[in-house]
There are 2 protein chains.
Amino acid sequence: MDTITATGPHERLAAALAVEMEAVNDLIRQRMASEHAPRIPEVTAHLVEAGGKRLRPMLTLAAARLCGYEGDHHIRLAATVEFIHTATLLHDDVVDESARRRGRPTANLLWDNKSSVLVGDYLFSRSFQLMVETGSLRVLDILANASATIAEGEVLQMTAAQDLRTGEETYLKVVRGKTAALFAAATQVGGVIAGAPDDQVRALHDYGDALGIAFQIADDLLDYQGDSRATGKNVGDDFRERKLTLPVIKAVARATAEEHAFWQRTIEKGRQEAGDLDHALSLMRKYGTLDATRDDANAWAEKARHALTALPESDLRQMLSDLAAYVVARLN
Amino acid sequence: MDTITATGPHERLAAALAVEMEAVNDLIRQRMASEHAPRIPEVTAHLVEAGGKRLRPMLTLAAARLCGYEGDHHIRLAATVEFIHTATLLHDDVVDESARRRGRPTANLLWDNKSSVLVGDYLFSRSFQLMVETGSLRVLDILANASATIAEGEVLQMTAAQDLRTGEETYLKVVRGKTAALFAAATQVGGVIAGAPDDQVRALHDYGDALGIAFQIADDLLDYQGDSRATGKNVGDDFRERKLTLPVIKAVARATAEEHAFWQRTIEKGRQEAGDLDHALSLMRKYGTLDATRDDANAWAEKARHALTALPESDLRQMLSDLAAYVVARLN
């Protein structure tokens with residue numbers, strides 16, 4: 001999720017939206033304060049100031065502007081979306097027992113799990129207050145549904161991640177929960193707050209959904225074939241952490257009995273030995289699952305770009321289209 | 001919180017609201033289901049079916065009925081309030097590393113911390129969907145603010161609980177966060193959904209707020225002087241867990257240098273020895289802080305009963321009044 005480099009369409013978006021993003025950042029700083037509990041801004045600042053790419057709030061701002069919005073509720077919604085994202089990161093790090101995030105020690109390591117759980121809850125409630133301030137029940141409905149999809153996807157991931165019966169359909173649900181639901185809500189509420197017609201709102205939702213899925217599939221693929229200097233990850237981290245991602249799911253689906261036993265031992269039981277990662281990669285190559293996964297990512301990126309055709313042509317639309325292309329360009 | 005016995009006004013409320021509570025329970029069962037993630041209803045059922053008193057949803061139903069409401073949104077709001085409560089219990093148990101809740105092993109012990117965090121998030125998002133369905137922005141505003149107060153209170157409790165500088169003002173903020181904010185929101189939204197006039201809505205808020213505070217102060221007092229057969233708790237649990245509650249805060253405020261060192265050793269540093277609980281109790285008796293705490297609880301209960309005078313007389317109003325009296329009757 002954080003592997004966009006310094007020359008991509010992300011930077012052009014950031015430049016085009018610089019004034020509004022400054023307002024979003026001001027609002028985030030203002031609302032993460034707590035008069036009573038100084039631990040809250042400490043923990044939040046650690047994460048918020050750590051240099052995340054602010055991709056989700058930019059999507060909201062871009063969507064609203066693209067639909068001709070001239071008010072200021074999109075600033076609140078952009079901050080809302082970033083708060084929801086930050087809250088899920090805090091809870092994810094507790095769930096994954098992560099030690100590092102965005103190149104820094106995680107909050108659960110620096111403070112404790114308690115702080116991560118409770119400050120995450122606080123940010124959720126702050127995001128909730130912000131969206132209520134827009135006075136739009138339709139926005140609230142979209143974000144409530146996105147929140148439920150996110151939470152359900154997280155639980156599903158926890159229970160399905162090491163179960164070899166997990167198929168592509170479940171994988172897609174998990175990906176929608178962990179990534180695409182918030183992307184889709186971020187773009188959709190931008191259109192809704194702008195009062196865009198239904199077909200444009202639907203197009204913005206579809207763009208965010210497909211972009212998020214392409215993003216996550218690309219991330220999962222790069223884990224097996226990325227350049228670790230570019231991605232900041234080591235090849236095979238997901239394998240070592242026994243995560244069932246698309247390249248493995250496709251290989252399990254075609255596995256012989258012997259191969260199935262290999263996946264059971266390494267993923268389900270977690271009894272990994274030297275040479276296992278190489279063998280896993282050879283099975284993925286044998287069945288062409290890395291290529292097939294790249295094809296899937298490309299198809300979702302293409303779907304995202306296609307969705308944009310329902311929206312008026314503009315520089316911003318081009319940047320969103322380029323962003324979708326960029327997500328998968330890293331793979332090709 | 002769960003020490004109401006079988007003959008109190010709680011049971012009369014439950015009888016008066018039986019039909020609507022059945023609808024609330026049906027809705028809870030329906031909405032805690034998850035098509036994709038069976039772990040969710042497993043964890044939730046463990047807690048929801050464990051026989052909590054459902055006090056908060058009853059407060060919402062009673063408030064709506066008291067204000068003459070004839071629609072069905074109060075059912076949704078009652079379920080909302082119970083979901084928020086259940087979600088905070090799940091997260092609390094992770095934060096407190098609790099092993100038992102309502103006489104049963106906690107979810108974090110039966111499953112794991114991950115499940116408690118994520119299923120709690122899921123229930124929050126479900127509560128959010130339910131309240132959006134009422135279409136009332138005012139209700140959403142009240143519940144968003146209550147959520148923020150709850151989360152802030154929890155963080156404050158975590159950082160202030162073992163700090164001897166914590167005074168009565170901070171204690172009250174923590175109590176509002178952990179108990180009174182949701183009580184107050186539960187009663188207030190009942191009035192709002194009924195379209196009650198502002199003075200009645202304010203009275204319902206004040207009733208819930210004062211009831212919640214009386215409730216929590218009573219609980220904290222019973223920890224030091226309750227009958228463990230009646231309360232289900234052991235005398236001094238809070239002392240052993242180094243929780244700064246009102247009887248201790250009042251004793252610390254009057255402590256001599258030597259006594260202050262005693263509180264520092266036992267509460268701040270947690271180096272407790274045999275006989276420390278007896279000495280703590282003797283210090284509380286010396287300064288009359290148990291009596292003073294009971295006076296505070298009585299005053300809040302009286303405030304709750306007084307708030308009700310702004311509402312139309314009825315059997316339900318009498319039951320709410322009796323409930324406030326009952327909360328402190330246990331102390332006298």
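Which trypsin sites (Lys or Arg not before Pro) in segment B:114-203 sit in a loop by DSSP (not H, G, I, E or B) and have at most 16 other Cβ atoms within 10 Å of their own Cβ? When the trypsin sites (Lys or Arg not before Pro) of segment B:114-203 are filtered for loop state and at most 16 Cβ neighbours within 10 Å, B:Arg165 remain.
Under a straight-distance cross-link criterion of Cα-Cα below 16 Å, which lysines are reachable from A:Lys286, leaving out those fewer than 8 residues away in the same chain? Within reach: A:Lys250.
Taking the helices alone, chain A has a mean residue ellipticity at 222 nm of -22500 deg cm²/dmol, built from -39,500 (n - 2.57) per DSSP H run of at least 4 residues and averaged over all its residues. Centre-to-centre separation between the Cα atoms of segment B:110-180 and those of segment B:287-332: 24 Å.
From the Cα gyration tensor of segment A:213-297, with a ≥ b ≥ c the square roots of its eigenvalues, which class applies: rounded if a/c is under 1.5, or else prolate if a/b is larger than b/c, or else oblate?
oblate
Taking every residue in B:29-35 and counting other chain Cβ atoms within 10 Å of its Cβ, the average works out to 1.
The mean number of partner chain beta-carbon atoms within 10 angstrom of a residue's beta-carbon across peptide B:164-177 is 1. By the Kirkwood approach, averaging reciprocal distances over each pair of separate Cα atoms, segment A:137-332 gets a hydrodynamic radius of 17.7 Å.
Highest mobility in the GNM of chain A, judged by mean-square fluctuation with C-alpha springs under 10 Å and restricted to A:His85, A:His74, A:His260, is found for A:His260.
Net charge near A:Phe83, counting Lys/Arg +1 and Asp/Glu -1 over other residues with Cβ under 11 Å of its Cβ?
The answer is +3.
Shape analysis of the protein assembly as shown yields a ratio of the Cα radius of gyration to the Kirkwood radius, Rg/Rh, of 1.00.
Exposure proxy ranking for A:Ser136, A:Ser115, based on other Cβ atoms within 10 angstrom of each Cβ and starting from the fewest, stands as A:Ser136, A:Ser115. Between copies, B:Asp72 shows label-point distances of 4.2 nm, shortest first, with the point placed 7 angstrom from Cα along Cα to C-beta. For chain B, the fraction of C-alpha pairs more than 37 angstrom apart is 17%. In a reduced charge model with +1 at each Lys and Arg Cβ and -1 at each Asp and Glu Cβ, chain B shows a dipole moment near 300 debye about its Cα centre.
The trypsin sites (Lys or Arg not before Pro) found in segment B:244-332 that occupy coil by DSSP, while having at most 12 further C-beta atoms within 10 Å, are B:Lys269, B:Arg271.
How many Cβ atoms of partner chains, on average, are near each residue of B:124-137 if near means within 10 Å of its Cβ?
That average works out to 5.
Quick note: the coordinates plus some simple rules give every number you see, no bench work behind them. Since we're looking at a predicted model, the values are computed, not measured. Neighbour counts are summed over all protein chains in view; Cβ atoms, including those assigned to glycine, are modelled from backbone coordinates with ideal geometry.
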